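In what follows, a structure is listed as structure tokens, so that the remarks can point back to it.
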Amino acid sequence: MALFLTGGISSACQAPEQLHSAYEKCRAALNTIPALQTSSQYYVWHPDTKNEIQEIRWDKKEEFLFRVEARMTDAVFQLLQDLQDCCRVIPSLTLADVKYHYHQLTEECMLILKHYVSQTNPSQSMHNIVKEIFSPEELHSYYRQFFGNLSEMLKPQSVYAVQDPIEQIQIYTRRNYPKNLTVDFLASLFYMNSNYLSHLFRKRTGVKYVSYLNSTRIEQAKKLLETTDRKLYQIAKAVGYENNKYFFRVFKKLEGITPEQYRKMQ
């Protein structure tokens, strides 16, 4: 088996008290390793410059967050493999970029976890472990284990533990109403045909899905109108409407008055 040897090189040290700074520079150098790196030997030098983090555009993030919370561990692993494959087709991607993306996913998972436990911050030991990982394959493996364990931990208490798919969709909508929710997206999320989902949702609830989504958003908007002094366009965006005029139109249709009139009445 080939030995994987990687080294980071800092500028020269002039005194013992500079060793820690040199070590940090070596670590920064190692984080510039290409995410596609496959060589068994790799040496990099840190030239005291900061490189901007490159964003990884992964269109399955929302699905991933749902699968974690819905304790669908096998699907979580499949999506992580998809993310790894996505990283492999970006030639300029570095290890630092991949670490940053995983960190962002972890932060979003911690927001989900807040619904279940009071302590949601990743432990310092996890942070220290990731800082010392300089192999792309090892990094992917570590986060695969982390997210898999997180999904398994949520199994007994997940809000999606109910068996009814329409109830699951309603729960998902109430928890994610500010996002761009479409029938096609929900159909892919819940492994259903979009036409069948629309038919079943209306049959079970008596309303179209878009009507349920609008109703959910407007209820949240009413709470913000009652309890905050946010501008109307800020409230519209906060509940999922990018178009202010559409927000006003939906609000008046459901409530019979405009958002301004509703706020004054309160």
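Here are the numbers for the structure shown:
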{"item": "Extension reserve of the residue 245-residue 228 stretch, reckoned as 0.36 nm per residue once the Cα distance is removed", "result": "4.1 nm"}
{"item": "Near-label residues of the range 50-73 by backbone N, under 11 Å of a point 7 Å along Cα→Cβ of residue 86", "result": "56-65"}
{"item": "Cβ-defined net charge surrounding residue 86, 14 Å radius [Lys, Arg +1; Asp, Glu -1]", "result": "-2"}
{"item": "Pairs of lysine residues in the range 163-245 - Cα separation under 20 Å, sequence separation of 8 or more or cross-chain", "result": "14"}
{"item": "Per-residue [θ]222 nm for the chain (sum of -39500 (n - 2.57) over DSSP H runs n ≥ 4, rounded to 500)", "result": "-18500 deg cm²/dmol"}
{"item": "³J(HN,Hα) computed for each position of the range 205-212 - Karplus, 6.51 cos²θ - 1.76 cosθ + 1.60, integer Hz, glycine/proline x", "result": "10, x, 9, 5, 4, 4, 5, 5"}
{"item": "Alpha carbon centroid spacing (whole Å) that separates the range 190-238 from the range 140-175", "result": "21"}
{"item": "Per residue accessible area in Å² of the range 83-214, where ligands, DNA and RNA are left out and the probe is 1.4 Å", "result": "53"}
{"item": "Whole-Hz ³J(HN,Hα) from phi, Karplus 6.51 cos²θ - 1.76 cosθ + 1.60, for the range 58-75, glycine and proline x", "result": "10, 7, 10, 4, 4, 5, 4, 4, 5, 4, 5, 5, 7, 6, 9, 4, 4, 5"}
{"item": "The range 203-266, dipole about Cα centre (Lys/Arg Cβ +1, Asp/Glu Cβ -1), debye to the nearest 20", "result": "240"}
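The values are calculated or read from the model by the stated rules, or taken from the named source; none is laboratory data. As the structure is a computational prediction, the values presented were derived from the model and not from experiment. When we count neighbours, we look across all protein chains shown, and the Cβ atoms used for this are built from the backbone with ideal geometry, even at glycine. All accessible areas refer to the heavy atoms of the entire protein, side chains included, with ligands and DNA or RNA removed. Shrake-Rupley method; radii C 1.70, N 1.55, O 1.52, S 1.80 Å.
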